[in-house]
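Following: one structure in structure tokens, then a few remarks.
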Amino acid sequence: MDDITSTNPLAVGDVVDIEMENENEGSVTITKIHNRRNYINRQSPRAKYQHHIIAANIDQSFMVATLKEPKTSEGFIDRFLVASEMYHVPAVIIFNKADLYKKKEQEKFEAWKQMYETIGYTIVLTSVKENLGLEEVRELLKNKTTLISGHSGVGKSSLLNILIPELDIKTQDVSGWSGKGLHTTTFAEMFEIPGGGKIIDTPGMREFGLVDISRQELSHYFPEMRDRLNNCQFNNCLHINEPGCAIKQAVADGEITEDRYVSYYNILESLVEKLY
Ligand SMILES: Nc1nc2c(ncn2[C@@H]2O[C@H](COP(=O)(O)OP(=O)(O)OP(=O)(O)O)[C@@H](O)[C@H]2O)c(=O)[nH]1
Ligand SMILES: [Mg+2]
Ligand SMILES: [Zn+2]
């Protein structure tokens, strides 16, 4: 990877060599960043043509989503899943604030759970407030290094505080939340989990801009499309309106959900824009 275009050449999770610079002050110099086993990258929110490494050397990524206060869109989740697929990082989606879900949100949760589990993702329903689903989360975190991402206010830091009792990360009330400008966590930080494992808390993000991805390869990062690509008539099929497209056929047959196809299409469009 070309570090010149990265806004942060050194990321949370990097393994480095250090040299003591001043023993009295305890200051050190980083002399080497070891090769990364993997990393998750996104478009820098500040500079479109730069990328930002969210974390390096991770075993899995958790997306904390909420269906209320704030609402997480499927498009946002799917972009995150694409990034996880690109870097071969298994992804888990945690739906938090279950205590706030009424019938409408419960039905939406059930539909999304079905949709994502069918294509191989792990889904967990949690309420940090009412101590729901946290045993399952603990089990998934054991002895792994996990990146936690999601919108601001979904409860990422609250989740860490409850998983690691001695922690007291700042969290903030989101009642009357406007969805703008409220970020309680401002930089990514890694914590040790008692009993084994590490967890990286990150600031909430509003959007997830994908980088280093071509239109042609996008469908490879949708697991339900990946398995069917060989059946398209043209090997450069983008699955829009080409004849003999196995993906469009699978959507028509209800084997690929329309929602996921719409996400695919929207991401594809956003990749076109980048050319201008
Ligand atoms: N009702 C309810 N509120 C929750 C739950 N989990 C967290 N919250 C509340 O949601 C608010 C935001 O929580 P944070 O943990 O600060 O959210 P965050 O994702 O770390 O936000 P950023 O650091 O800005 O990215 C706080 O007021 C929490 O108390 C939950 O399960 N149910
Ligand atoms: Mg936070
Ligand atoms: Zn096709």
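The values are calculated or read from the model by the stated rules, or taken from the named source; none is laboratory data. Computed from a prediction, not measured in an experiment: that's the story for all the values here. Counting neighbours? That spans all protein chains shown, and the Cβs are built from the backbone with ideal geometry, glycine included. Side chains are part of the model used for accessible areas, which takes the heavy atoms of the whole protein and leaves out ligands, DNA and RNA. Shrake-Rupley method; radii C 1.70, N 1.55, O 1.52, S 1.80 Å.
Using the Cα atoms as the points, what is the convex hull volume per residue of the chain in Å³? Write down the numbers at each step before the final one.
Working: hull volume 43.6 nm³, N = 276.
Once divided by residue count, the hull of the chain is 158 Å³.
Which whole-Hz couplings ³J(HN,Hα) result when phi for each residue of the stretch 27-43 is put into the Karplus expression 6.51 cos²θ - 1.76 cosθ + 1.60, θ = phi - 60°, listed in order with x for Gly and Pro?
My calculation for the stretch 27-43 gives 7, 10, 10, 7, 9, 7, 9, 5, 4, 7, 5, 6, 6, 10, 10, 8, 5 Hz in order.
Hey, if you drop one equal point scatterer on each alpha-carbon of the stretch 220-276 and run the Debye formula without solvent, what base-10 log of I(q)/I(0) do you get at q = 0.16, 0.26, 0.29 Å⁻¹?
The computed values of log10 I(q)/I(0) come out as -0.47, -1.14, -1.31.
Take the alpha-carbon positions of the stretch 148-271, form their convex hull, and give its projected area averaged over all directions (one quarter of the hull surface) in nm².
Details: hull surface 43.4 nm².
Spelled out: convex hull of the Cα atoms, projected over all directions, averaged, 10.9 nm².
Order 228-236, 114-122, 39-47, 64-72 from most to least packed using the mean count of other Cβ atoms within 10 Å. Mind showing how you got there, number by number?
Details: 228-236: 12.4, 114-122: 15.0, 39-47: 17.6, 64-72: 20.2.
My ranking of the peptides, most packed first, is 64-72, 39-47, 114-122, 228-236.
Based on the Cβ-Cβ distance of Asp168 and Glu19, what FRET efficiency does E = 1/(1 + (r/R0)^6) give at R0 = 30 Å, to the nearest 0.05? All intermediate terms of the calculation are to be shown ahead of the outcome.
On the way: r = 33 Å, r/R0 = 1.09.
E between Asp168 and Glu19, to the nearest 0.05, is 0.35.
Note the angle between two axes, namely the Cα long axis of helix 103-118 and the longest principal axis of the Cα atoms of the chain, as a number of degrees from 0 to 90, rounded to the nearest 10.
Tilt relative to the chain: about 80 degrees.
Convert 20 °C to kelvin, take the viscosity as 1.002 mPa s, use the Kirkwood radius over C-alpha pairs of the stretch 66-188 as Rh, and evaluate the Stokes-Einstein diffusion coefficient in µm²/s, rounded to a whole number. Walk me through the numbers before you get to the answer.
On the way: Rh = 15.3 Å.
This corresponds to a translational diffusion coefficient of 140 µm²/s.
Under a GNM of the chain (C-alpha, springs under 10 Å), which listed residue has the highest mean-square fluctuation: Thr202, Thr186, Thr146?
Maximum among the listed residues: Thr186.
Students often get this wrong, so check it: of Lys68/Lys156; Lys113/Lys248; Lys71/Lys97, which have C-alpha atoms separated by over 21 Å?
Lys113/Lys248
For the chain, what does the accessible surface come to per residue with a 1.4 Å probe? Please give it in Å². It would help to have the intermediate numbers written out before the result.
Numbers: 14540 Å² over 276 residues.
Solvent-accessible surface per residue comes out at 53 Å².
So how tilted is helix 258-273 from the main axis of the chain? Cα-based, degrees 0 to 90, rounded to 10.
That helix lies at roughly 70 degrees to the long axis.
Using mean Cβ contacts within 10 Å as the protection proxy, how do 205-211, 239-245 order, highest first? Could the numbers behind the result be given before it?
On the way: 205-211: 17.4, 239-245: 14.0.
Put in order of decreasing packing, that is 205-211, 239-245.
Full-extension gain between Ala252 and Gln233, please, as 0.36 nm times their residue separation minus the C-alpha to C-alpha distance. Numbers along the way, then the final one.
Values: separation 19, 0.36 × 19 = 6.84 nm, distance 1.65 nm.
Taking 0.36 nm per residue and subtracting the Cα distance, the gain is 5.2 nm.
Please report the antiparallel percentage of the DSSP beta bridges confined to the chain, to the nearest 5. Can you show the working numbers first?
Numbers: 17 of 35 bridges.
Antiparallel bridges make up about 50 percent of those DSSP assigns within the chain.
In the chain, what cysteines have no partner Cβ closer than 4.7 Å?
So far as the 4.7 Å Cβ criterion goes, Cys245 stand without a partner in the chain.
Report, to the nearest whole %, how much of the accessible area of the chain belongs to carbon and sulfur atoms, 1.4 Å probe, protein only. Each step should come with its number before you reach the end.
Numbers: 6940 of 14540 Å².
Accessible surface attributable to carbon and sulfur in the chain totals 48 percent.
For the stretch 130-143, just list the computed ³J(HN,Hα) in residue order, Karplus coefficients 6.51, -1.76 and 1.60, θ = phi - 60°, integers in Hz, with x standing in for Gly and Pro.
10, 6, 10, x, 6, 4, 4, 5, 4, 4, 5, 7, 3, 6
Sequence neighbours fewer than 8 away in the same chain don't count; with that in mind, list the aspartates and glutamates whose C-alpha is under 13 Å from Lys142.
Within the straight-line limit of under 13 Å, Lys142 reaches these aspartates and glutamates: Asp59, Glu192.
I'd like the Karplus ³J(HN,Hα) series for the stretch 227-233: coefficients 6.51, -1.76, 1.60, θ = phi - 60°, whole numbers in Hz, and an x wherever there's a Gly or Pro.
Couplings: 6, 10, 4, 5, 8, 6, 5 Hz.
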